[in-house]
Amino acid sequence: MSKLLSFYRVLAAVMVMAILFSAIPASLVTAQEEAPPVLILPIDRATFLPGALFDFRVEVHADEMPADFSVTIDDQDATEFFGAEATQESWEYGPEEGPLTPSQSLVWRGLSFSEPGDHTVAVTAGGETTQVTWSVLETQNAGAKNVILFIADGMSIAEITAARMISRGNSEGKYNGEFAMDQMEEIGLVHTSGMDSMITDSANSASAYNTGHKSAVNALGVYPDTSAETTDDPMQETFAEMVKRTRDMAVGIVTTANWTDATPAAVFAHTRRRSDQNLIAAAPLDTELMPEVILGGGSRHMLAQDTPGSRRDDDRDLFTEYEDAGYTVVTAAADMEAAMETTPPERLLGLFHSNNMDVWLDRNVYTDNVAEDTDQPGLVEMTTTALDVLGQYENGFYLMVEGASVDKQMHPLDYDRAMAELIEFDEAIAAAQAWVQANAPDTLIVVTADHGHGFEVYGGVDVAAFNAATTDDEKREAIGTYADAGFPTYVDADGDHFPDNWAVDRTMAMFVNNFPDYTEDFQVSPVPRVPAIPSDPEDDSSRVVDNPDDDPNGITLQGNLPVDGATTGVHTMQDVPIFASGPGAEFFGHVMDNTEVFFGMAYAIGLDPSAADGLASAVIE
């Protein structure tokens with residue numbers, strides 16, 4: 001067994017044991033009635049790279065610090081251990097209607113560990129001691145120069161299977177082709193839960209991939225404390241920040257969402273509230289982490305508040321500020337193509353929609369749905385453009401590519417649009433693989449999801465019979481199961497991996513396990529779906545009801561979600577797949593926690609932030 005595999009198995013065992021015995025209260029403990037609750041951030045069993053920067057906060061929930069209050073690391077005073085002074089702060093927290101709880105806090109900023117090892121953090125307050133353990137992991141080097149992380153937001157194994165059926169077809173039980181991701185060297189599974197809940201959101205999970213630390217729903221690059229301020233929570237340095245600070249590597253962000261949305265923002269942002277999108281849009285300028293490439297949507301967060309379409313609350317014109325910082329700024333596909341005609345720009349900012357970009361099915365089939373920003377590039381074009389820019393940098397690069405609207409279409413139960421987004425996502429992977437083979441074979445490619453949706457296919461639908469039926473019971477008889485399911489009748493005569501016609505005579509019975517009251521006809525919708533609406537248009541929290549304008553010919557389904565505002569489906573707890581190829585890919589061929597993805601990328605390129613050159617000395621053979 002290689003040293004690499006031995007190391008990975010030990011790390012996996014540590015993570016599994018940690019999960020088995022995990023509980024958030026390990027770092028938020030009331031030992032007995034007279035002792036105040038204590039919160040320690042980072043939490044118990046947090047893992048670090050040597051030299052990675054982080055903040056350390058201790059809260060004591062009391063009117064004042066107890067007389068016996070102390071904080072030690074391995075029995076040494078924390079201030080002496082880190083050689084850094086703490087800042088004392090205090091506030092109250094709790095619901096608006098009260099009661100409020102007082103919090104006394106010490107926070108140390110910009111700390112790091114210089115070498116691997118385990119550490120015990122002990123906080124004494126009110127006669128009781130709360131302890132957590134932290135582990136600094138040894139770094140190794142698998143020889144990769146670059147990392148490309150593909151994230152299909154909301155992608156599950158069942159969604160991949162359904163999209164493959166639509167894209168490649170199946171003859172007598174065998175697929176007529178495989179996805180690009182299917183053919184990668186390694187495959188594993190990723191646990192997605194956050195520190196606060198078994199069900200994650202995209203901010204929390206993408207943050208784990210980019211920092212190696214757990215976080216909470218809505219949080220980016222921080223451990224959530226109890227203060228009301230969203231930008232003072234203890235931060236963890238991101239992968240992008242580390243490779244820029246220590247290796248001068250280039251960084252790229254490509255997304256089909258608003259570029260300040262959760263997953264792309266996790267590459268560089270630090271906030272407790274993912275909705276701080278104006279702050280996030282300015283963060284690369286204000287913190288001097290300047291990605292060489294930013295491509296996606298979200299121009300509304302770049303415009304001064306008096307500009308039509310702006311969502312900012314200040315007068316900053318971020319497009320001008322980014323231009324002044326050396327970016328070539330483009331807002332249409334033709335402009336992006338023109339910018340790449342000769343030598344690629346050193347920095348490229350392309351925002352092609354005021355918010356999230358339009359989805360593949362509307363850009364290419366139901367084009368009347370694209371009301372503005374009609375010249376948008378696809379994910380393939382954005383990915384290859386980003387690679388051509390980043391490939392100029394001799395120190396290597398980290399590129400995050402998000403297929404955001406798999407999730408954004410799964411939420412409103414718009415399965416056909418979600419499937420098209422997933423097919424396009426796989427096409428982008430194929431394009432990246434071709435680029436890597438031609439230009440940079442020393443590149444690790446990782447493909448995964450941040451979370452899943454409870455999606456499945458359980459049969460085939462005879463569309464003519466379904467549409468001819470007049471009752472729900474008759475419509476249900478048009479759904480074939482087992483031998484009667486058959487195969488869908490999509491055709492791809494032009495070989496572009498997308499159906500030539502999405503309105504076919506036999507479709508799949510696609511479904512999720514959580515939904516509001518709505519109707520379903522198992523057929524492509526010519527307009528984006530809005531399955532449910534509040535019963536009172538003036539009150540978003542009113543009881544949710546079926547939208548009568550959405551799929552009026554469908555089967556009526558009684559929902560199983562809360563009725564006070566849940567108009568779409570939600571995320572689920574399932575493990576998500578992970579695929580990898582290139583140097584260091586073997587790290588990902590097992591079941592892992594989402595925080596391990598960060599360490600896998602770090603080991604692939606030999607990232608050691610404690611070293612003078614940021615490079616690990618131990619080479620994996």
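Here are a few things to note about the model shown:
- In the stretch 202-306, counting only helices (runs of 4 or more DSSP H) that sit wholly within it, the ones holding 3 or more residues that are under 27 Å from Ala334 (Cβ atoms) span 277-287.
- Residues that are in contact (Cβ under 8 Å) with a residue 60 or more places away in the chain and surrounded by fewer than 19 Cβ atoms within 10 Å (Cβ to Cβ), drawn from the stretch 530-547: Val530
- Check on Glu178, without any contact (Cβ under 8 Å) to a residue 40 or more places away in the chain, outside the structural domain of Tyr482 (by TED's automatic domain parsing) and more than 30 Å from Ala440 (Cβ to Cβ): no
- In the stretch 344-365, the residues that are in the same structural domain as Gly309 (by TED's automatic domain parsing) and farther than 15 Å from Ile294 by Cβ form Cβ pairs under 8 Å with partners that are of a type in the set (S, T, N, Q) and in a loop (DSSP other than H, G, I, E, B), at six or more places apart or across chains, as follows: Asp358/Gln376; Arg363/Gln376.
- Matching residues, the stretch 495-520, being part of a loop (DSSP other than H, G, I, E, B) and aliphatic (A, V, I, L, M): Ala503, Val504
- Any hit, the stretch 48-60, residues being part of a strand (DSSP E or B), over 21 Å from Asp118 (Cα atoms) and modelled with pLDDT of 95 or more: yes
- Residues of the stretch 568-621 classified as part of a loop (DSSP other than H, G, I, E, B), surrounded by fewer than 20 Cβ atoms within 10 Å (Cβ to Cβ), touching a residue at least 24 places away in the same chain (Cβ under 8 Å) and of a type in the set (A, V, I, L, M, F, W, C), total: 4
- One residue stands out in the stretch 537-555 among those that are at pLDDT below 95 and within 16 Å of Thr471 (Cβ to Cβ): the one that is nearest to the chain's Cα centre (by Cα), namely Asp551.
- Residues satisfying the criterion are absent from the stretch 133-145 (criterion: free of Cβ contacts under 8 Å to residues at least 12 places away in the same chain and in a strand (DSSP E or B)).
Residue-by-condition table, conditions (1) touching a residue at least 60 places away in the same chain (Cβ under 8 Å); (2) among the small types (Gly, Ala, Ser); (3) in contact with a Gly (Cβ under 6 Å, 6 or more places away or on another chain):
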| site | (1), (2), (3) |
| --- | --- |
| Gly459 | no, yes, yes |
| Ala469 | no, yes, no |
| Glu477 | no, no, no |
| Thr481 | no, no, yes |
| Asp484 | no, no, no |
| Phe487 | yes, no, no |
| Tyr490 | yes, no, no |
| Asp494 | no, no, no |
| Pro499 | yes, no, no |
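- Residue check, Arg417 surrounded by 24 or more Cβ atoms within 10 Å (Cβ to Cβ), charged (D, E, K, R) and modelled with pLDDT of 95 or more: yes
- Checked against the criterion of being without any contact (Cβ under 8 Å) to a residue 40 or more places away in the chain and surrounded by 12 or more Cβ atoms within 10 Å (Cβ to Cβ), the candidates Gly110, Gly83, Gly117 yield just one match: Gly117.
The values are calculated or read from the model by the stated rules, or taken from the named source; none is laboratory data. Since the structure is predicted, the reported quantities are computational estimates derived from the model, not experimental observations. With ideal geometry, Cβ positions are generated from the backbone for all residues, glycine too; neighbour counts draw on all protein chains shown.
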